[in-house]
Amino acid sequence: MAQGQVRQLGCSSSSLPAFSLLLPLPGEARKAACKQILGLARAEMAACGRGLRRAVGASPHPALRRAHSDARGRLKPEYDAVVIGAGHNGLVAAAYLQRLGVNTAVFERRHVIGGAAVTEEIIPGFKFSRASYLLSLLRPQIYTELELKKHGLRLHLRNPHSFTPMLEEGTAGKVPRSLLLGTDMAENQKQIAQFSRKDAQAFPKYEAFMNRLALAIDPLLDAAPVDMEAFQRGSLLQRLKSLSTLKPLLQAGRILGAQLPQYYQVLTAPAVKVLDQWFESEPLKATLATDSVIGAMTSPYIPGSGYVLLHHVMGGLEGMRGAWGYVQGGMGALSDAIASSATAHGASIFTEKTVAKVQVSSGGRVQGVVLQDGSEVRSKVVLSSASPHITFLKLTPQEWLPEEFVERISQLDTQSPVTKINVAVNRLPDFLAAPNAPRGQPLPHHQCSIHLNCEDTLLLHQAFEDAMDGLPSHRPMIELCIPSSLDPTLAPPGCHVISLFTQYTPYTLAAGKAWDEQERNAHADRVCDCIEAYAPGFKDSVVGRDILTPPDLERVFGLPGGNIFHCAMALDQLYFARPVPLHSSYRCPLRGLYLCGSGAHPGGGVMGAAGRNAAHVVFRDLRSM
Ligand SMILES: Cc1cc2nc3c(=O)[nH]c(=O)nc-3n(C[C@H](O)[C@H](O)[C@H](O)COP(=O)(O)OP(=O)(O)OC[C@H]3O[C@@H](n4cnc5c(N)ncnc54)[C@H](O)[C@@H]3O)c2cc1C
């Protein structure tokens, strides 16, 4: 079999440095835990070693096997469609195209599929959703149309889902206050009333207001944006056809009705201005505001942050709007289910196959790709789930793209504030505001997104200002999640995996500093110190950690600038301006080349919409070829 054809080794090349991080950590408890997992580690690493030696062919240890492959054989010289990148969007596009009878091959440069929706055993025995970790945004049709449950997808719904502990002295022998939110509105109101009775009353109205906006946006997500290019430059037939792209926009307008101006304000105002109109208590406003800035180099005090707020309330799981959950086995298990659905219909998925170049005929039409190993693969169309930067600036011969287009792509805002830290611990964090049960079993708040340093919107703004000065935040905004609190398959018994989504960390540090080992550890230590203040004993429970600063996210996952959405989800880079105005219909100026990842409408998040919409556009184009 060709190299890279069948691949899942279950351990990444970065396992070893991460594992070595575990060893020098002091603390008796940690040593005991190290001992406990070292046995596991040895077995796993031996298996990894065997897997690496075998590289191709023989199956690795079942616990380590996770990838997808072209079960039916070798790389063919020609397919109908080639997809660059096995991110979840690339896999979704392949699954739809193949079901429509378009013979499709996917080429992924990494040893593992999923892109930013991936599970990796970075620290032996601990399986991490190494980048994304929460599922909600995936379009509901995709579950059913691709039969993801049949292909192994299992979900853990979270209720409650949000926990914001306070850093305060408990009064009269009581523990510090905290805000716990879930799907039970009466319970939510009780929680909010600790801080403000007025806010408790306003909360259901706010939820209804935001849900209506989410409902209006819904139809826009599942179709290509209004095709301005066809309107402007198309033939009469194309112009008439493009009228149908107005339908979702009109539907959205109809749902919003006379409240359109208020909703316009949500999309354009600073999140704090919107929240101030509803609420007075800082813990509630700051908790809600975290959604408005997540993944974005912005502050809730900056205009436009309202849109990202919406982006994180517009999903749902199992028919529950706004619900977020964990995927059993980590986010990679979702990518596996999509891949399984694609391959079951005949798609081919190859790992460790980097696309080096998009091939263009002398007539200016895409005719396939060249892989880094020199193989040429012909196809009628090429779809790319890689970022717009990679797709158009690195892989496409520049002479086939208009200069203005190239310039626009190179000017995309790819700033990102995120450093993701994956932590292995030997016991659950014990929060002062919600002490652990006597036997240490998970309590409801452990399954939540735990918001730390998020009691006040000004704290979030100050954290942002540090990054504007080129510094990692002194008190970073932290979203702490413990997926193993609901899914015990992720860690050895009694141990847990913790995901720390932290911001703000600029890509480029001030004063000539670089993100070297010292700076990365300094940021992770600062984050751990903050957690320790809320949950004493946390630092001593850490047995290993994997730190991904913006340059690391760029290097490992191919995210330009470390931007978790491929490029910023700012209003000027959304809908018919994503990735750039006039090229938002998944097509680009080069015939036969399509964007099908987060850089296209409707953008980032594990949503699958870009992959699904692009597949439909490509299918229509193929039919008229
Ligand atoms: C740290 C982090 C946390 C996040 N948290 C969440 C979350 O909890 N929930 C959520 O919904 N979203 C989250 N997101 C966002 C979400 O994960 C991404 O927006 C989404 O996964 C992107 O999917 P994609 O398929 O569009 O692209 P990607 O996942 O980026 O996939 C692109 C693929 O293309 C491959 N590739 C690139 N160049 C080449 C080449 N030349 N040849 C072959 N292959 C190539 C890459 O290796 C990659 O696999 C998070 C992202 C990050 C980074």
Subset of segment 602-625 [in contact (Cβ under 8 Å) with a residue 24 or more places away in the chain and open to solvent by 10 Å² or more (accessible area, probe 1.4 Å)]: Gly605, Val606, Arg612, His616, Phe619, Asp621, Leu622, Met625
Anything in segment 290-324 that is of a type in the set (Gly, Ala, Ser), modelled with pLDDT under 95 and touching a helix residue (DSSP H, G or I) at 6+ places or on another chain (Cβ under 9 Å)? List them, or say none. Ser292, Gly295, Ala296, Gly304, Ser305, Gly306, Gly315, Gly316, Gly319, Gly322
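If you take the residues in segment 427-458 that are part of a helix (DSSP H, G or I) and open to solvent by 30 Å² or more (accessible area, probe 1.4 Å), which one is farthest from Leu180 (Cα to Cα)?
Among them, the one singled out is Leu458.
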Is it the case that segment 358-373 has a residue that's surrounded by 23 or more Cβ atoms within 10 Å (Cβ to Cβ), over 22 Å from His161 (Cα atoms) and within 13 Å of the ligand (Cβ to nearest atom)? yes
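May I ask you to say which residue of Gly558, Gly537, Gly592 is in contact (Cβ under 8 Å) with a residue 12 or more places away in the chain and farther than 20 Å from Phe107 by Cβ?
Gly537
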Check whether at least one residue in segment 217-230 is exposed (fewer than 13 other Cβ atoms within 10 Å of the Cβ) and either more than 21 Å from Tyr301 (Cα to Cα) or at pLDDT below 85 (or both), and report yes or no. no
Condition set in contact with a helix residue (DSSP H, G or I) (Cβ under 7 Å, 6 or more places away or on another chain) and aliphatic (A, V, I, L, M), scope segment 487-541, selection farthest from Glu120 (Cα to Cα): answer is Leu509
Can you tell which of Leu574, Leu509, Leu553 is within 16 Å of the ligand (Cβ to nearest atom), modelled with pLDDT of 95 or more and among the hydrophobic types (A, V, I, L, M, F, W, C)? Leu553
Can we say Ser385 is within 15 Å of the ligand (Cβ to nearest atom), within 17 Å of the chain's Cα centre (by Cα), at pLDDT below 95 and of a type in the set (Gly, Ala, Ser)? no
Does Gly561 satisfy being more than 11 Å from the ligand (Cβ to nearest atom), modelled with pLDDT of 95 or more and more than 24 Å from Ala610 (Cβ to Cβ)? no
If you go through segment 323-357 one residue at a time, how many are within 13 Å of the ligand (Cβ to nearest atom), under 30 Å from His445 (Cβ atoms) and open to solvent by 20 Å² or more (accessible area, probe 1.4 Å)? 1
Residues of segment 212-228 classified as outside any loop (DSSP other than H, G, I, E, B) and either free of Cβ contacts under 8 Å to residues at least 24 places away in the same chain or farther than 20 Å from Ala93 by Cα (or both), total: 7
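The values are calculated or read from the model by the stated rules, or taken from the named source; none is laboratory data. All of these numbers come straight from a predicted model, not from anything done at the bench. When we count neighbours, we look across all protein chains shown, and the Cβ atoms used for this are built from the backbone with ideal geometry, even at glycine. Surface accessibility is based on the protein's heavy atoms, side chains included, excluding ligands, DNA and RNA. Shrake-Rupley method; radii C 1.70, N 1.55, O 1.52, S 1.80 Å.
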